Structure formats: structure tokens, C-alpha cells
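A quick write-up on the structure given underneath.
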There are 2 protein chains.
Amino acid sequence: MSEALFATLQQLLGAAHVQRSEDAAQYLTDKQGRYTGQVIAVVHPANTEEVAAVVRACVALEAPIVVQGGNTGLMAGATPDASGRAVLLLLDRMNRVRVIDTDNDTLTVEAGCILQNIQDVAREAGRLFPLSLGAEGSCTIGGNLGTNAGGTAVLRYGNTRELTLGLEVVTAEGEIWNGLRGLRKDNTGYDLRDLYVGSEGTLGIITAATLKLFPLPKAQATALLAFDELAQAVAFLSHARAGFGANLTAFELLSADCLALLREQFPEGPQPFLNASQPWFALLELSDNHGETHAREAFETVLGEAFEQSLLADALIAESLAQSEALWLLRENMSEAQKRAGRNMKHDISVPISQIVAFVAHTDALLQTHFPGVRNFTFGHLGDGNLHYNVAHPLDSTVDEHMRNYAELSLLVHDSAHAHGGSISAEHGIGQRKVGLLGRYKSPVELDLMRRIKRALDPKNLLNPGKVLEVQP
Amino acid sequence: MSEALFATLQQLLGAAHVQRSEDAAQYLTDKQGRYTGQVIAVVHPANTEEVAAVVRACVALEAPIVVQGGNTGLMAGATPDASGRAVLLLLDRMNRVRVIDTDNDTLTVEAGCILQNIQDVAREAGRLFPLSLGAEGSCTIGGNLGTNAGGTAVLRYGNTRELTLGLEVVTAEGEIWNGLRGLRKDNTGYDLRDLYVGSEGTLGIITAATLKLFPLPKAQATALLAFDELAQAVAFLSHARAGFGANLTAFELLSADCLALLREQFPEGPQPFLNASQPWFALLELSDNHGETHAREAFETVLGEAFEQSLLADALIAESLAQSEALWLLRENMSEAQKRAGRNMKHDISVPISQIVAFVAHTDALLQTHFPGVRNFTFGHLGDGNLHYNVAHPLDSTVDEHMRNYAELSLLVHDSAHAHGGSISAEHGIGQRKVGLLGRYKSPVELDLMRRIKRALDPKNLLNPGKVLEVQP
């Protein structure tokens, strides 16, 4: 059967675009090296019709289909299982910008486009495509859509979902739904678009999307702010939202321990607040439609008021683009700094912003009780209530010893996020890594609704099986 | 069976909260008086548990359930059919604000809350709930959610969908899904929320919602602008988006014929541009986080540039709150002005903004060919590509003669919107009035996907049957 399917796929796409597992190892292991799969074939269709034909061929032989973008996901949602039964679909040949419509402020792109290329195309047209995240140089918009990716500009522009107006999707039966609409308003039936966005390839295969563009800001201002306590940062955020409105485009938290780690791992990098005693910092970005002077004035007004109201301990305002980039480098280097310091336990949680302080205090204390000496490296998108609540090994212990407690420690963190009204996956999705956790945090009613939708749109459970939801066959 | 169900409902809710059709006529005819239904009972549950109990009682006897908010919808989506088999659910007793969380900028309200009351509660807490539309004094948030209502602030804040973070829903089986999350980021499974929003009570019954709040703008500036042609208004819009960014909070088009109609029907009302010859006007609103002076400066800069670049023929800037309110009154009086002038044919269409000019030119000409002398009253939310493309009778004909052509004329308008990449219902939904049209404009693939979802979530087709989709039992 496998050989018959392999031959059919070669016939459909041409032999050059169908690989065997042994020739395509780079696609079979997830980014973090945790999961490795086997497949009948890795296929690279040229267009939507070919994707549909591949799906039909797979359905005929009941072979599961896994779709993969830039393989940058953290939940192994795009890694096939080890059964060797699946076909892995790469959309790397589908990387065209189909339409750019500046009057409508929309862009229609194929799913295989690299995110950074889309940002560049928009900028060349005098527009902003605001989705921005660490992996932007290699992740694809298809992956961003499949996981409803977040990033650093969600505060102002929303997640990938909010940036999407229309989709083209290949269904589980290999039919093509053309929903590539460039409309801000369209109330004609159920919202299929938002169902596919974030479904991680388990309900359909997104092959193209119509995305929103925005005016390019005329100026941006950046500052690194120091806070005497986390509650002060939360209060400042509220003040900044009122003062800057939608011009507040980023508010990224970094703990003092994060700053120290950055100094240690990047001694050649920027060293702001070298002798500061504050426990929390935040990177603030203001975007302005008027210009540099105006941005600077708004910055000074709002920061000045904050100082007067004791909503701020200290501020380092970037005086140039180079200084602004240096400040952003701190945030951008956080993942690498942690990697260099050895593996740690990452938790991508969100809570209501009003619960941030309680969540951090409670969870930090809980961890010290159960795992004395573990070190928190907490940072992230405070403006969205989304923390990367990462936990490193105690200094008197080893990384390996620490990592043996991963399941138990993570459960405490996730339970705490849940107890504070939060989510166990703010922006990274469920994939296969968290699929076993959903039953703990979702009600039976919600799980049942999700399973009904899965069965309705993929009755044979062939689309990325085992991801997002455990489904009984 | 009907009597048994009536008795059960009385037992569940108390006799005072269960009405017979003859005592509840105001709920049985739609706002525009086009459809009248009959029901077994009109019920007014006090809380979500009672809603669930009503649904279970109805399911046991296979009685359909229709939910109704303020009965202000234009598509008769909340009007039961004439069979007398259904139970009509009013949530008017469920009108509590459950939680207001200003640190998180969220508000949790029950579905029966009047929209204006929610706006007021937010304002008293120093926040903005931006959903704003003509019926706000009587429509409920449950109806807004069910229809994904739009209104005048979509340009900046989005439709009801974009304002919603969490939902509480009673399912077709009478179970309660508590999805009342106040999270900006939560990627843990399928997006049930957006599926229920806009589903017009056909997939589940929304009983409460957690909504986004925003900072109250410190100042607003309003102007009425005159344009030499529609293309100029579209080009100005692009300029204004770049210049004002997210501070551009409304851009409402009015044709010269609309202004003339307003003068005629409201001779006591404002009379701007009395002797102007321009064919198109737009109401522009800028919201500002800094203050009056700043708003005024931004206004003058952007409008000044527009004059220099010939993107604008004339501008009337409101000098006071009273003048601003007078300008807004023009837009707000449009529905009433049309009503006073006699019935006309309303079309709530949207097209990509880049297609607005072509759509209007093409459709206006087409109508004159097929229905000589009909008069266009075109206005609406140009910033969202959403026009209320309304057509009045020829002056040498009568309203009644004109209205006999409704089906035929509307088909031309809808076909034209569709041919220009548009939607036949931008913000009013499908209800029962447009249910027969979906098959013309949606692909079989899309209709099939929608039907599968309907069957998955409401397998017995008891939730608002006959609305949105035609479903085979």
C-alpha cells in the first residue's frame, strides 16, 4: 500500500517533488529534537490543486496527512508520528505573493511564504504587516495561521487570527474552499476562517490567506523601564494604554534575572541598568503616525506623568535607531541566552493582566516549596497577559536532575495558571506535546464540542492525527 | 405535547415567566413587520441554569428554540416561524454585569444587557466599550454577539467578534460551556468562541460574554468632508489612515442625495454644505489620547496635506461638542429620514475598498438600465468597505410599484457586490430573509462545511431552525 501511494504521489507531483523518509530527515524531527517520525513520503506540491490531489490520494488509501511550515513550532505539531503511515506535506514551493491591494490594505499570499518575506513585500509597498516573532526568518505564514501565532505586536495588532481576512483551505476530502475574501465585514454564515486558524492542520490544510496591512508608522520610540515591583509595571501598563492608546505597540517584560542572564551570556551585548536594583524591567515601544518629534513628546509626557505618579522607577530612552535596536536585542536574545545557559523548563502561559502579580507571587513561592532553589526566568508579552514563565535548575543541582522533574513542575505551573483564570498555551499551541493536558484544563463539554467539530470536518481522522485533541476513531 | 411542555416550562421558571403567544405579541413579529410567528411559549429564564433547563425540556419534546434579544435585527433572525412548534427564549431577565476588571480591561455581562447600558457601565469605570450602532438603546449584547454586529466604530475597534474574549453558551443538548475567559492569548484548541459569534442562535445560545474595554479617548474631533468624486474619498481614506493611524475612529460616507434627503425630512436639523455641488461627503472622527489641542493639530495637519494633494474638496470642522453632535446627527438620522420618505430597498453590502468606486459606478448604471429612474441613497461605513446601498422608487412611480421589483432589483445589487469580491450581508446577518440567497453566492464546498458544523453542534436541528442555513433534517 505504501509503495502504491508513493508511486501515485510521484505521478501526481513529479518524482522530483516526492521524497522518502531517509532523504528528508530535516523534516522528521521537531525543532527542539524531542520527536522524530517516519513517513511514506514527504511531498512538495506546486499549487493548491496538487495539494488537493495529494489529499485525495491519501484519503483513498487512508494515509494520514501532516502539514509542516518552517518546522519552527515548539509543540511538535508538525512532526509526524513514528508509525510511518503518514504523508508529510511541505508547502515550500507555494511561496508566491498572489495579490497586493494597497487601496484595500490587503495582501494575498500562499501558505509557504516565509513570514519575513511577507513583512518585506508589505514594507516595499509602503505598508506594515505587523506579525513579528523570533522565528520570522524561517517560519511560514501557513504555520503562523495553523498555530494562530502571537509575537511582540499582539498588544496593538492582535494575533495571526486578527490579521487574517480570508483563507483558501483544502478539506479532509481533498476539496478546495476558496474563502480568500478581502472584506472587513462579512456576516454570511459561520466563521469557518477562525475555525481553521489555530487548528494546527487537524481540520483542513490552509494553502493561502488574505491578510490585513496597516500604514507604516512614521516614527517609533523605544525605552527600557525599571520597576520597583511587578504591580508597578502592571499599573504603568494601564497608564500607558490610556496615554498612548493604540500607539503603544509593545510592552515586553524582563525580570532582573533575565537581564543578568543576558549580560552573562552576551557580554559583548548591551548592558543597560548595570547597577540597578529593580527586580523588573519592561521594553516599551511607541509607534507614531506623525513623526519623531511628536513621538518623543508623547513619550516624555506619558513617562513624566508616570514618574510623578510613582508608576515608574527609572527609564532609559533610546536616543537613536541604534540604541533602540540595542534595547530590542535584549528581548530578542532571551531565547538564545537561555539555550546557552542550558536547558530549562519553558511555560507559555497567559492570565488576565489583573492576575499577573498574584500568579507570579503564588507560583514562584509554590516552586520554591516543592523544588527548592529553582530559578525563574520570567519574561514576555505583559501587555497581552502572556508570560514565558521559564524555570532553570538550582545552582546546586544539574540540568539533567532538574529536567527529570519537568512533568511534575510543569503541572504546578499549569495548574496555577489555570487557577488564575489563565491558559496553558498562550501562543505556542497544543501540538503533540500538550495534547494530554487538555483533559485536565478543559471541561468535558468543551472537549466534546471540539471533538464534534473534528469529526464533522475530518470524519476519518486523517488530518494531523494525534495533535490538538485525542479523538477516538 | 405543547400543553405538556408549557406546563413543564412553568414549573421550571415559575408561571410568571412563561407567556402564551397571545400575551406576547411584541416578540412574535420582526422589527420591520415582515414576519410573524407563533410559539408554544415565550419564556424568560432568570439565569444560565434555567436556560439550560428550558433547552433540555424542549429537546425532550423536540420543540425548536428561538432566542431573541432586543428584536432590532433586520433579517428576522429572531422571529419564530408560523408553525407554533417553537419556544421563544427571551434573556431580558439576564441583564447583570457580572464582573468589571479594569486592570484587565474586560467586562463580563449577561446576554440580556442592553448595549447602551454596557457602554455606560464602561464609561463610569473610565473605559470605552466601543460597539456603537443605531439600535444601541434597545438591542442586547446577546443579539450583537449572535449577529456579529458592526456599527460605526468597526474601522478602529472591529466588529463584535473582535471585541469578544470569552463566551458562556448553552448547547443544543442543554449543557453549559463556560468559556468566559479574559485572555488576549489562548491557543488551546479550536476557536469555539468565533464559531458561536455570528451564528444567529443556530449553534448554541450565548448567555454571557467577556468583552474588551479600551481607554476612553481624551478628545475627539469631527468634520464633514466634501469630495468631488467617490474615488477622491477612497484616496483620502488611505491618506487619513496613514496620517491618523488607529486614531481614525469613524469614516462614514453620505451621498449628496442623502444630505438632500436629510434636509428635506429634518428641516429643523443641521444644514451643512447647503449650496455645495459635491456629490459625496464623509463624516470623519478622530479620537485622541492626548487632548483637544493635540487632536486639533493632527486634524489640521492631515486635512491640510489632503487639500494640498487634492484629496479633498471642502471641509467643515466641528468647533464644539454641539457642532460635532450636529454632524453626527446627520448620519444617525439617515434611517429615520428614509423611513419618513417611504419604504425603499435596503442592501447591506461590502466590497474590498479598492472595489468601492467600480461597484457603485457599475451598479448605479445597471439599475438605471433595468429600472429607469430609481434613486440611490448610498451611505455607510466606507472605512470598512460597507455600504448601505439603498434604492428608492422613481419619482414618476409609487413606492408600491417599486417594491414589487424588490427581488429582481436586489438580485442585481447582490450579484454586483459578489462580482466585485463582496458580501451580500456585511453586518446584518442572514436570518430568514437572506437564507435562500446563500446557495447563489457560496460554493457548494463552503455550504457543505457549514452544514457539517450545524449538524455536529445541533444534530436535531432544534436551535433557530430555518435561519442562516437550509438544513435537511
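The values are calculated or read from the model by the stated rules, or taken from the named source; none is laboratory data. These numbers were taken from a predicted model, which means no experiment stands behind them. So basically every Cβ, Gly included, is an ideal-geometry build from the backbone, and we count neighbours across all protein chains shown.
State whether the residues of the range A:348-362 include one that is away from chain B (no Cβ under 14 Å), surrounded by fewer than 19 Cβ atoms within 10 Å (Cβ to Cβ) and closer than 25 Å to residue A:238 by Cβ.
yes
How many of the residues making up the range B:183-197 are more than 7 Å from every other protein chain (Cβ to nearest Cβ) and either of a type in the set (Gly, Ala, Ser) or in contact with a Phe, Trp or Tyr (Cβ under 6 Å, 6 or more places away or on another chain) (or both)?
Residues flagged as more than 7 Å from every other protein chain (Cβ to nearest Cβ) and either of a type in the set (Gly, Ala, Ser) or in contact with a Phe, Trp or Tyr (Cβ under 6 Å, 6 or more places away or on another chain) (or both) within the range B:183-197 amount to 0.
The rows are residues; the columns are (1) buried (at least 22 other Cβ atoms within 10 Å of the Cβ); (2) closer than 30 Å to residue A:239 by Cα; (3) in contact with a His (Cβ under 7 Å, 6 or more places away or on another chain).
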| position | (1), (2), (3) |
| --- | --- |
| B:200 | yes, no, no |
| B:204 | yes, no, no |
| B:220 | no, yes, no |
| B:233 | yes, no, no |
| B:236 | yes, no, no |
| B:254 | yes, no, no |
| B:269 | no, no, no |
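Looking at the range A:416-440, which of its residues are facing chain B (nearest Cβ under 7 Å) and under 16 Å from residue B:180 (Cα atoms)?
Within the range A:416-440, A:421, A:422, A:423, A:424, A:426 qualify.
Out of all the residues in the range B:378-404, which are over 15 Å from residue B:343 (Cβ atoms), assigned to a loop (DSSP other than H, G, I, E, B) and β-branched (Val, Ile, Thr)?
Scanning the range B:378-404 gives no hits.
Which of (1) in contact (Cβ under 8 Å) with a residue 40 or more places away in the chain; (2) assigned to a loop (DSSP other than H, G, I, E, B); (3) out of contact with any Asp or Glu (no Cβ under 7 Å at 6 or more places or on another chain) is the odd one out, the single condition residue A:136 does not satisfy?
The one condition residue A:136 does not meet is (1).
Out of A:417, A:407, A:358, A:337, which single residue is free of Cβ contacts under 8 Å to residues at least 12 places away in the same chain, among the hydrophobic types (A, V, I, L, M, F, W, C), out of contact with any Gly (no Cβ under 6 Å at 6 or more places or on another chain) and part of a helix (DSSP H, G or I)?
Going through A:417, A:407, A:358, A:337 in turn, the sole match is A:407.
Return the residues of the range B:437-473 that are within 24 Å of the chain's Cα centre (by Cα), modelled with pLDDT of 95 or more and not hydrophobic (A, V, I, L, M, F, W, C); say none if nothing qualifies.
Of everything in the range B:437-473, those that are within 24 Å of the chain's Cα centre (by Cα), modelled with pLDDT of 95 or more and not hydrophobic (A, V, I, L, M, F, W, C) turn out to be B:440, B:441, B:442, B:446, B:451, B:454, B:464, B:465, B:466, B:467.
Within the range B:443-450, is there a residue that is crowded, with 22+ Cβ neighbours inside 10 Å, outside any helix (DSSP H, G or I) and either within 14 Å of chain A (Cβ to nearest Cβ) or in contact with a Pro (Cβ under 7 Å, 6 or more places away or on another chain) (or both)?
Checked against the condition, which is being crowded, with 22+ Cβ neighbours inside 10 Å, outside any helix (DSSP H, G or I) and either within 14 Å of chain A (Cβ to nearest Cβ) or in contact with a Pro (Cβ under 7 Å, 6 or more places away or on another chain) (or both), the range B:443-450 yields no hits at all.
Among B:189, B:174, B:166, B:158, which is the only one that is over 19 Å from the mean Cα position of the chain (by Cα), at positive phi and surrounded by fewer than 23 Cβ atoms within 10 Å (Cβ to Cβ)?
Exactly one of B:189, B:174, B:166, B:158 is over 19 Å from the mean Cα position of the chain (by Cα), at positive phi and surrounded by fewer than 23 Cβ atoms within 10 Å (Cβ to Cβ), namely B:174.
Which numbered condition trips up residue B:200, out of (1) more than 30 Å from residue B:434 (Cβ to Cβ); (2) charged (D, E, K, R); (3) more than 7 Å from chain A (Cβ to nearest Cβ)?
Tallying (1) more than 30 Å from residue B:434 (Cβ to Cβ); (2) charged (D, E, K, R); (3) more than 7 Å from chain A (Cβ to nearest Cβ), residue B:200 fails exactly one: (1).
Of the conditions (1) within 7 Å of chain A (Cβ to nearest Cβ); (2) of a type in the set (Phe, Trp, Tyr); (3) under 21 Å from residue A:385 (Cα atoms), residue B:177 clears all except one; give me its number.
Failed condition: (3).
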